[in-house]
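All of the numbers you see were taken from the coordinates with simple rules; none came from a lab. Model, not experiment: these values are computed from the prediction. Backbone-built Cβ (ideal geometry, glycine too); neighbour counts: all protein chains shown.
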Amino acid sequence: MPCSAERPAALAALETELASLAGQGLQRRRRIVEGVCGPLVEVDGRTQLAFASNDYLGLAGHRDIVAAAREGAERYGIGSGASHLVSGHSRAHELLEARLAGFVGMPRALGFCTGYMANLAVIPALLGRNDAVFADRLNHASLVDAAVLSRAEHHRFPHRDLAALERQLARSEAPRKLIATDAVFSMDGDIAPLPGLLDLAQKHDAWLLADDAHGFGVLGPQGRGTLAHFGLASPRLILMGTLGKAAGVAGAFVAAHETVIEWLLQRSRPYIFTTAAPPLLAHALLTAIDLIERGDARRAHLNALIARLRDGLNGLRWPLADSRTPIQPLIIGDNHATLAVAQALDAQGIWTPAIRPPTVPRGEARLRISLTAAHDEVQVERLVSALRALA
Ligand SMILES: *Cc1c(COP(=O)(O)O)cnc(C)c1O
């Protein structure tokens, strides 16, 4: 096709918008990481001490998982070739679903390519127009998008506010209701009041969808997740767990009552209309789940690092959010000020991401410090000293 000299007006509009993002300190840029995810990474030609990943147990580069992936590639090849319901559902996917269901103590599990897709699958499969979603205001973007996609009414309640949620539920006449929450909030690190949410779900005949992207592998006995941490079980509970964070690989699963899973398999579009993930990933995940289950020492070390960081940053000008999970946000507020602190750390070889709107509310920009079991105490001390000097 000949290249036309015509320039769409819409391009100029995009350029104006991009310039405006930059002016507000909201432009994002990607950095190129060489090699394996870990505490020390080579970025833009320099070695950086990173507090940026969600690889909470330090499994992303674990040699047993790498070996399992290689073995999976030998056994299953690379591509799955089709969607699960056509011909892409391999033995490895089947084994992983059974392993995950057993591990989290739910009747059945279903695998997804990503957590984003798993959330987009669940809400629109269970609700439609005239139904209602009740969502914590700080929920992950994928839960927000899932609610919009379902066309149900979308009620957002103040963060962790059970009383406000109860009023919304009591007022609703929707025939089908679903409460959706991050189990561990991704940008705050605090934990949802799941026992109270489940009580309300029972009282108001609603589903409870818990997105455990950040609790799976980290919380609960043997890392079984946030529902296990609270000892919760109910046919109303739908657990979404991701496998690219603490599990160190990729993908996600939904675990729930047998009937819910069968319904998702039959009806959810992000399950049906996509090519199944490479079976070698499912095969590698079997090893990752074993490592999570046997990972008490990793979790104990991680918890010691969390305590050390909180101790070290206590009384600083910028408050740490009230979190006992590996997500430790330092709230700075202003976008430019947050970027300036991130850049000052960067100059010292420390990488902590500056999180700004729309990922967090306006005026609450922060450094999202995330700790992993692969960090050591000296590294945490280095971050603490650098932050104390900057403050
Ligand atoms: C990361 C994340 C997701 C999305 O999971 P992916 O597997 O990365 O697509 C969903 N919910 C929450 C709370 C997350 O943090």
Using θ = phi - 60° and the Karplus relation 6.51 cos²θ - 1.76 cosθ + 1.60, list the HN-Hα couplings for segment 158-174 in order, rounded to whole Hz, with x at every Gly or Pro. x, 3, 6, 9, 5, 5, 5, 4, 4, 4, 5, 5, 5, 6, 7, 10, 4
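Tell me the net charge near Ala183. Cut-off is 10 Å between Cβ atoms, Ala183 excluded, with +1 for each Lys or Arg and -1 for each Asp or Glu. Let's see the in-between values first.
On the way: positive: none; negative: Asp182, Asp211, Asp212.
Summing Lys/Arg as +1 and Asp/Glu as -1 gives -3.
Give me Rg/Rg_expected for the chain, where Rg uses Cα atoms only and Rg_expected = 2.2 N^0.38 Å with N residues. Spell out each step's value before the answer.
Details: Rg = 21.7 Å, N = 391, 2.2 N^0.38 = 21.3 Å.
Against the compact-globule rule of thumb, the ratio is 1.02.
Just how many % of Cα pairs in segment 126-203 lie over 15 Å apart, if you round to the nearest whole percent? Don't skip to the answer; put the middle values down first.
Values: 1522 of 3003 pairs.
That tail contains 51 percent of the Cα-Cα pairs.
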Running Debye on segment 1-157 with equal point scatterers at the Cα sites and no solvent, what base-10 log of I(q)/I(0) appears at q = 0.09, 0.13, 0.17, 0.21 Å⁻¹? -0.59, -1.13, -1.24, -1.27
Alpha carbons only, please: Rg and Dmax for segment 203-259, in angstrom. 11.6, 38
Taking Thr226, Thr359 and counting other C-beta atoms within 10 Å, the order from fewest to most: Thr359, Thr226
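How much net charge surrounds Arg108 when only other residues with a Cβ under 14 Å from its Cβ are counted (Lys, Arg +1; Asp, Glu -1)? Spell out each step's value before the answer.
Working: positive: Arg99; negative: Glu94, Glu97, Glu258, Glu262.
Residues near Arg108 contribute -3 overall.
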A chain fully extended from Ser385 to Arg176 at 0.36 nm per residue, minus the present Cα-Cα distance, gains in nm 70.0 nm
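Would you list Trp318, Trp207 from fewest to most Cβ contacts within 10 Å?
Trp318, Trp207
Among Phe273, Phe134, which comes first, second and so on when ranked by fewest other beta-carbon atoms within 10 Å?
Working: Phe273 9, Phe134 29.
Ranked by crowding around the Cβ, least crowded first: Phe273, Phe134.
What is the packing order of peptides 37-48, 334-345, taking the mean over residues of other C-beta atoms within 10 Å and listing the highest first? Display every interim value, and only then the final one.
Values: 37-48: 14.7, 334-345: 16.8.
Descending packing order for the listed peptides: 334-345, 37-48.
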When the dipole is taken about the Cα centre of the chain, and only Lys, Arg (+1) and Asp, Glu (-1) are charged at their Cβ, what size is it in debye, to the nearest 20? 260 debye
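Give me Rg over Rh for segment 237-391, both radii from the alpha carbons and Rh done the Kirkwood way, two decimal places.
Numbers: Rg = 19.4 Å, Rh = 18.3 Å.
Expressed as Rg/Rh, it is 1.06.
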Dimensions of segment 165-265 along principal axes (Cα, Å, largest first)? 42, 32, 23
Segment Ser87-Ala141, length gained on full extension (0.36 nm per residue, minus Cα span): 16.3 nm
